[in-house]
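Take a look at the structure below.
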Amino acid sequence: MTDLASPEAGGLAHHELEDLLEERGRDLLRQLFQDHLDLREGAALFEGR
């Protein structure tokens with residue numbers, strides 16, 4: 001994946017940068033949601049002891 005500070009990113013068109021940011025944003029939201037689910041599962045297991 002292209003880093004936004006990389007020379008390659010400097011050559012991307014505006015719409016390509018938007019697409020990259022949209023994809024990264026979705027990936028971040030997925031990871032945050034998964035972390036939330038993992039924490040809930042861990043709390044439920046702890047409470048079930």
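For this structure, a couple of remarks:
- The angle separating the long axis of helix 14-47 from the principal Cα axis of greatest extent in the chain is about 10 degrees.
- Summing Lys and Arg as +1 and Asp and Glu as -1 over all other residues whose Cβ lies under 12 Å from the Cβ of GLU41 gives a net charge of -2.
- Between the entries (i) 30, 24, 19; (ii) 32, 19, 14; (iii) 55, 17, 10, the label attached to Cα extents along the principal axes in Å calculated for this structure is (iii).
- Near ALA9: Cβ cut-off under 10 Å, other residues only, Lys/Arg at +1 and Asp/Glu at -1. The net charge is -3.
- Applying a DSSP loop filter and a limit of 13 other Cβ atoms within 10 Å to the GluC sites (Glu not before Pro) in the chain leaves nothing.
Each value in this text was obtained by applying a stated rule to the coordinates, not by laboratory testing. This is a predicted model, so every value here is computed, not measured. Because the Cβ atoms are built from the backbone with ideal geometry, glycine has one as well, and the counts that use them run over all protein chains shown.
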